[in-house]
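Accompanying notes for the structure given below.
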Amino acid sequence: MDLILPDFGLLIWTSIVFGLLLIVLVKFIWKPILSAVNTREQNIAESLELAVKTKAEMVALQAQNENILKEARAERDAIVKDARETANKMIEDAKSNSKSEADKIIVAAQQAIQAEKAAAMSEIKAQIATLSIDIAEKIVKSELASDDKQKALASKLAEDINLN
Amino acid sequence: MYGSIAAIGAGLAVLGAGLGIGRIGGSAMDAIARQPEASGKITTTMIIAAALIEGVALFGVVVGLLGGAK
Amino acid sequence: MILKNTIKSIFLSILTICSINSAFATEHKEKKEFNVNEMIMHHIKDAHEWHLWGPEHGGTSIFLPIILIDGGLQTFSSSNFYHGEMKTTIDHATKSEVEYLQGVGPAANYALYHEKIYKLNDGALSIEDGHVHGNTKPLDLSITKNVMSLFFGATILLLIMGSVARFYKKNGAVAPKGLAKFLEPIIILVRDDIAKENIGHLKYKKYVPYLLTIFFFIFFNNLLGMIPILPGGANLTGNLTITMFLAICTLVVTLASSNKNYWKHIFATPGVPVALLPIMIPIEIVGIFTKPFALMIRLFANMTAGHIIVLALISIIFINQSIAWGALSVPMALFISVLELLVAFLQAFLFAMLSALFIGAAVEEAHH
């Protein structure tokens with residue numbers, strides 16, 4: 001029966017010991033342990049949060065980079081296009097310019113050739129004329145060098161006249 | 001004869017508690033098998049329920065002890 | 001005495017089942033028969049000596065100081081009882097002989113009967129039906145076995161937790177090492193799974209130190225009770241006085257932190273018709289006290305039952321007066337002892353958990 005009857009002396013000792021234990025544990029032991037554990041957990045939580053934030057920032061930064069890259073690419077494309085157009089235009093211009101220039105040159109050259117040709121022709125004509133006069137003179141001279149020949153010629157001419 | 005009757009009483013209390021805790025354990029296993037992700041919560045609830053039943057059984061055991069220790 | 005027969009009959013049936021009883025059972029009848037009931041009760045109850053080894057009377061013991069308040073403070077060693085005179089008297093009701101110890105020296109006026117101290121009337125103790133009648137009981141504030149065990153438990157708890165606290169004080173909020181590494185998960189278990197889960201994350205912080213104290217107090221004393229030699233061996237958490245004190249602590253904390261909503265649930269339970277309130281209110285009021293009462297009984301009965309089972313299994317050897325029975329009883333006692341280690345943790349966990357549950361119900365705000 002006394003197994004289930006509380007003992008007053010033990011109750012008093014228990015309350016003293018447990019009361020002291022509670023005070024000492026709460027003041028000097030649980031406080032530092034719990035605060036250390038809480039601080040650590042807070043640190044971990046903050047670090048995790050920071051990591052998440054950093055990751056988000058990284059993603060944002062990456063997106064920004066991509067945008068900048070895209071813009072740069074577009075700009076570059078535009079510049080290249082412009083340059084190509086300018087170059088094409090220049091080439092076109094140069095082509096057309098050179099053609100007209102060439103045409104002009106050709107025309108000038110043709111004209112010069114024509115002029116030279118004409119000049120040469122007239123010179124050749126003159127020389128031929130002189131040459132033929134010289135030849136004719138020499139021939140005439142030789143023809144008319146002797147009397148026989150003069151006579152023959154005269155007769156021949158006379159014959160021709162006769163024939164005509 | 002007090003002791004023997006007390007022993008029968010204690011035995012009956014244990015029987016009831018055994019049945020009850022067995023049912024709780026079985027149901028908890030079913031529940032965990034269905035929802036393994038909730039096993040922690042189910043286990044806690046199971047322990048509390050088992051403890052409450054066990055408490056009743058222990059009343060019986062104490063009464064048995066009382067009768068026996070007379 | 002009748003429990004003895006019951007236990008004996010249980011063991012006899014075990015013997016028959018094992019069917020090797022004739023091989024080991026000895027015919028020797030000691031002059032003083034081994035009384036398993038008395039032995040077990042002696043071990044699970046409080047005492048004024050710390051029995052180490054040897055026979056119950058005359059073996060090696062540590063005699064603990066006795067402090068009596070009986071018209072003034074009186075202190076003397078309990079050896080004045082245990083080395084005193086063994087007297088016999090006649091029980092007035094059952095007409096059988098009962099033994100008690102009469103003190104000598106400073107304890108000359110007192111008698112020790114079933115580990116309780118009584119004041120003698122003209123050198124006599126009158127016993128009726130196993131209970132003392134007519135003799136006054138002086139207020140006994142002795143350092144008994146349980147009080148001594150309480151001191152040991154508190155010291156060990158302070159030393160271990162103190163070293164953990166020192167670790168954190170020295171190193172700050174770092175990853176734990178050594179003892180701190182072992183105990184921190186348990187502390188976090190109490191904080192998160194017991195306090196936060198049952199009290200709610202808004203108000204749990206205030207109760208964590210109390211729950212930690214009660215958890216580790218029970219846990220350490222449960223484990224200490226499992227050690228059979230000196231610092232342990234007392235059945236402290238299997239003592240109703242201790243569990244009653246702890247349950248009262250929880251009741252006081254619960255009532256001290258109770259809010260309006262808690263009392264509203266008791267005196268005007270929502271959803272209950274007014275006509276039923278005269279029935280409900282007494283039930284709810286009784287409920288306030290049965291909850292800690294169940295806490296008290298649960299811890300007491302669990303730990304006491306554990307001690308009884310281990311002792312009873314070991315007693316098989318002595319009942320049969322044969323060491324060969326050790327082959328059966330020692331493995332079984334070992335198995336139960338290992339189970340008791342689990343129970344030691346589980347009961348501490350449950351006590352703290354249910355305390356948290358009650359506190360949680362007391363601080364809960366209305367949410368409907």
Of C:K145/C:K169; C:K206/C:K264; B:K41/C:K203; B:K41/C:K206, which pairs sit farther than 26 Å apart, going by alpha carbon to alpha carbon? C:K145/C:K169
Distance between modelled label sites at B:R23 and C:L230, nm, 7 Å Cα→Cβ extension: 5.2 nm
What's the FRET efficiency of A:I23 with C:A361 using the Cβ-Cβ distance as r and R₀ = 22 Å, to the nearest 0.05? 0.25
Computed about the Cα centre, the charge dipole of region C:65-142 from +1 Lys/Arg and -1 Asp/Glu charges at the Cβ has a magnitude in debye, to the nearest 20, of 160 debye
When chain C is treated as a Gaussian network with springs between alpha carbons less than 10 Å apart, the largest mean-square fluctuation among C:A107, C:A275, C:A356 is found at C:A275
Cα centroid separation, region A:22-91 to region A:96-164 (Å): 101 Å
Most fluctuating residue given options A:K81, A:K95, A:K151, as computed from a GNM of chain A linking Cα atoms under 10 Å: A:K151
Give the calculated FRET efficiency between A:E143 and A:E116 to the nearest 0.05, with a Förster radius of 35 Å applied to their Cβ-Cβ distance. 0.35
One can check that the equivalent ellipsoid of chain A, built from the alpha-carbon gyration tensor with semi-axes equal to the square roots of five times its eigenvalues, has lengths in Å, largest first, of 143, 13, 12
Find how much the distance from C:E85 to C:A268 grows on full extension, using 0.36 nm per residue of separation minus their present alpha carbon separation; answer in nm with one decimal. 59.7 nm
Per-residue [θ]222 nm for chain C (sum of -39500 (n - 2.57) over DSSP H runs n ≥ 4, rounded to 500): -18000 deg cm²/dmol
Mean projection area, nm², convex hull over Cα of chain C: 26.0 nm²
Cα shape, region C:168-323, gyration tensor, a/c 1.5 rule: oblate
Rounded to the nearest 500 deg cm²/dmol, what is the calculated helix-only ellipticity per residue at 222 nm for chain A, with -39500 (n - 2.57) per DSSP H run of length n ≥ 4? -33500 deg cm²/dmol
If I model a spin label as a point 7 Å beyond the Cα along the Cα-Cβ vector, how far apart are those points for B:I48 and C:K177 in nm? 4.0 nm
C:K291: which aspartates and glutamates have alpha carbons under 18 Å from its alpha carbon, excluding same-chain residues fewer than 8 sequence positions away? B:E54, C:E364
Would you list, by chain and number, the lysines whose Cα falls below 26 Å from the Cα of A:K55, excluding same-chain residues fewer than 8 positions away? A:K70
Can you give the FRET efficiency for A:I128 and A:S100, using 1/(1 + (r/R0)^6), R0 = 51 Å, r = Cβ-Cβ distance, to the nearest 0.05? 0.80
The protein assembly as shown - Rg (one decimal) and Dmax (whole number), Cα, Å: 57.3, 221
Highest GNM mean-square fluctuation, chain A, Cα pairs closer than 10 Å: which of A:N67, A:N43, A:N88? A:N43
Inter-probe distance in nm under a simple model that places probes 7 Å from Cα toward Cβ, at A:S155 and A:Q62: 12.7 nm
Under 25 Å between alpha carbons, and skipping anything fewer than 8 positions from A:K95 in its own chain: which lysines qualify? A:K81, A:K104
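Any read-out appearing in this document is the output of simple, stated calculations on the displayed coordinates, not a laboratory observation. This is a predicted model, so every value here is computed, not measured. Cβ atoms come from the backbone with ideal geometry, glycine included; neighbour counts cover every protein chain shown.
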